[in-house]
Amino acid sequence: MYILGISAFYHDSAACLLNDGKIVAAAQEERFTRKKHDAGFPTHAIQYCLKEAGIAAKDIDNVVFYEKPFVKFERLLETYLAFAPKGFTSFAKAMPVWIKDKLFQKSALIKELKSTLDESVDWRERLLFSEHHLSHAASAYYPSPFESAAVLTLDGVGEWTTTSLAIGKGSDLQVVKEIHFPHSLGLLYSAFTYYTGFKVNSGEYKVMGLAPYGEPRYADLIREKLITVAEDGSFQLDMSYFDYATGLTMTNKKFDALFGGPPRTSEKELTQREMDLAASVQKVTEDIVLELTRGIAKETGERNLCLAGGVALNCVANGILLREKIFDNIWIQPAAGDAGGALGAALSTWYMHHSKERYLSKERDAMKGAYLGPEFTDAEIEADLTACGARFKKLSEAEVIEEVASALADEKAVGWMQGRMEFGPRALGGRSIIADPRSPVMQKQLNLKVKYRESFRPFAPSVLREDVAEWFEHDTDSPYMLLVADVQSDKRRAMTEEEEALFGIDKLNVPRSSVPAITHVDYSARIQTVHTDTNPKYHAVISKFKEKTGCPLVVNTSFNVRGEPIVCTPTDAFKCFMGTEMDVLAVGNYVLYKEQQDEPLKENYEERYELD
């Protein structure tokens, strides 16, 4: 039985295909269209999934949409009625879109399926709808290694739900508790994302990265004025400070007055105030997550916890939750946002609609390391690179590993495109830019000369699983880069004044380490543990780098530049390589050096982004 899961029409559209409950393929539409956070129907992602499985459209037994559009429309309508006459402008803008495009989404989905797949198939008979937070919960519980677990989902909002608790036992998954819109921890965080000058639904991780530069000076004020938290962690927002329920912005003038001024505009320089605001909302979020999970542990008696929803991508909060040992085991869905809803919708259909027996993977989980996207043969890679006009050489796998490790040891930035593309927002050694973490200048150089983004943004380490405890205060699997831990004390040191000048922070003695390129200012790092069973080639190149340098980790950042999705194809990889100051590109068994490429092929990203 083949089940196709789809998420679409909000942000991060995606498709996932199951075969008898096992994940065959999953990918976000943005990777194919090159439109970041593409919300359109996932035509290309669907076609990829079928190609990967080697099946025809008629072989699909069910297509499952990740949420219920009618219920979402009901929430929108009831919200406007509850706040009337306030919000008429927003209502007048939203209603025509809903009536034209979204109210009749079932018909729209059937039309798209006919266009994408096969007009002769009666898709109306095969189309099902899940609930948004059930899709999130299913994406977290069913691929997890647990026979039973409590499942916490936290995001902005689905149909009505913003937070849910589900209990999974065997094949059964039941949502037992919910918090409803407009009370949302995700939207509280997004309000501060907006207020500090970043883009909602994509800039939240910038707020998390900015937080260590600040002090949580406003945390008590947020607790006092914006949110009321009960003993079990459930919460309510004071909506008089927010405009998102019916307005066109996240916050209002009352919010501005509370925090001493209007929102920062994106072009304005970041100040200590924004850093303190980021630190404050991050601290409040961490505290509420801990209170919620303590309440869940007490109420359910479960010792395993699964997490999904956009807030589950807050790896700082996840790391604190792990260290607090409220649960014995924690597992987080790597595609925790709406893209993962496609996977959850398909899994909930297999186990709940079709009443199938739970499949527990013999590996660490059922996600296959999240390497669920396209991969390319040597012939395909060579054809793409040739068509681009690239100059390359083909090597054996051992030679590729040797050359890349040598380049890393020489402090060169390497584009690393190997095997299947990752599903979810993190690059995990399939579509990564990698570099030497020991270099004190690498963090700034990668941000400004390769990623073309804000210099404060931290980078993550990919570390050999067998060496993680020696370098970090952490000794569990973290294959999906969803947990933050501190660098071990014996690897720490203070930054020199020379390094500080290069780094660009106006403070003396900023905490650094013997791996400064991956150490944030609070000695923390967002860890990815690398395993031989899920990514042997990535494990091999880090092992070779360790052999040369004694260092068992590399800088890992996503293979893209600001404003673009992570690369998918060899062509994408070459264009990104030529538009940045990356030194080396390794695509499969092909290695390319920047100095050997024709100058006219270079794209000027620096000019595009008007950077210094």
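The values are calculated or read from the model by the stated rules, or taken from the named source; none is laboratory data. Treat the numbers as computed from the prediction; the structure is a model and nothing was measured. Methodologically, a virtual Cβ is constructed for each residue, glycine included, from the backbone with ideal geometry; neighbour enumeration extends over all protein chains shown. Surface areas here come from the heavy atoms of the whole protein model, side chains and all, with no ligands, DNA or RNA. Shrake-Rupley method; radii C 1.70, N 1.55, O 1.52, S 1.80 Å.
Some observations on this one:
- Residues that are of a type in the set (Ser, Thr, Tyr), open to solvent by less than 10 Å² (accessible area, probe 1.4 Å) and modelled with pLDDT of 90 or more, drawn from segment 574-612: 580, 590
- When we screen 249, 293 for residues that are of a type in the set (S, T, N, Q), touching a residue at least 40 places away in the same chain (Cβ under 8 Å) and in a helix (DSSP H, G or I), the only hit is 293.
- Verdict on residue 379 being in contact with a helix residue (DSSP H, G or I) (Cβ under 9 Å, 6 or more places away or on another chain), open to solvent by 10 Å² or more (accessible area, probe 1.4 Å) and free of Cβ contacts under 8 Å to residues at least 24 places away in the same chain: no
- Of the residues making up segment 34-55, those that are surrounded by fewer than 18 Cβ atoms within 10 Å (Cβ to Cβ), assigned to a loop (DSSP other than H, G, I, E, B) and touching a residue at least 24 places away in the same chain (Cβ under 8 Å) are 34, 35, 36, 39, 40, 55.
- There is no residue in segment 71-93 that is open to solvent by 30 Å² or more (accessible area, probe 1.4 Å) and at pLDDT 95 or above.
- A single member of 167, 222, 179 is open to solvent by less than 50 Å² (accessible area, probe 1.4 Å), within 24 Å of residue 283 (Cβ to Cβ), assigned to a strand (DSSP E or B) and touching a residue at least 12 places away in the same chain (Cβ under 8 Å), and it is 179.
- Pairs, first more than 13 Å from residue 340 (Cα to Cα) in segment 123-149, second assigned to a strand (DSSP E or B) and open to solvent by 10 Å² or more (accessible area, probe 1.4 Å), C-beta under 6 Å, six or more apart: 126/62; 128/62; 144/331; 146/304; 148/169; 149/304
- Per-region count, segment 398-428, residues among the small types (Gly, Ala, Ser), open to solvent by less than 20 Å² (accessible area, probe 1.4 Å) and farther than 16 Å from residue 374 by Cβ: 4
- Segment 280-328: number of residues that are touching a Ser or Thr at 6+ places or on another chain (Cβ under 6 Å) and within 18 Å of residue 147 (Cα to Cα): 2
- The listed residue being hydrophobic (A, V, I, L, M, F, W, C) and within 28 Å of residue 364 (Cβ to Cβ), out of 154, 128, 117: 154
- Filtering segment 447-475 to residues that are closer than 23 Å to residue 271 by Cα and aliphatic (A, V, I, L, M) leaves only 448.
- Residues located in segment 183-219, provided they are over 14 Å from residue 275 (Cα atoms), free of Cβ contacts under 8 Å to residues at least 60 places away in the same chain and either open to solvent by 10 Å² or more (accessible area, probe 1.4 Å) or not in a loop (DSSP other than H, G, I, E, B) (or both): 183, 200
- Condition check for residue 135: open to solvent by 10 Å² or more (accessible area, probe 1.4 Å), over 23 Å from residue 238 (Cβ atoms) and touching a helix residue (DSSP H, G or I) at 6+ places or on another chain (Cβ under 7 Å): no
- Search result, residues across segment 537-573 that are open to solvent by 10 Å² or more (accessible area, probe 1.4 Å) and in a helix (DSSP H, G or I): 537, 539, 540, 543, 544, 546, 547, 548, 549, 571, 572
- Selection count where residues are open to solvent by 60 Å² or more (accessible area, probe 1.4 Å), modelled with pLDDT under 95 and within 30 Å of residue 177 (Cα to Cα), scope segment 249-303: 0
- Within the set 336, 366, the sole residue that is outside any helix (DSSP H, G or I) and open to solvent by less than 10 Å² (accessible area, probe 1.4 Å) turns out to be 336.
- Residue 352 satisfies every condition listed in (1) open to solvent by 10 Å² or more (accessible area, probe 1.4 Å); (2) under 30 Å from residue 583 (Cα atoms) except (2).
- Residue that is nearest to residue 294 (Cα to Cα), among those in segment 136-152 that are touching a Leu at 6+ places or on another chain (Cβ under 8 Å) and small (Gly, Ala, Ser): 150
- Identity of the residue in segment 56-70, open to solvent by less than 20 Å² (accessible area, probe 1.4 Å) and not in a helix (DSSP H, G or I), that ends up farthest from residue 139 (Cα to Cα): 60
- Among the residues making up segment 141-160, those that are surrounded by fewer than 24 Cβ atoms within 10 Å (Cβ to Cβ) and touching a His at 6+ places or on another chain (Cβ under 7 Å) are 159, 160.
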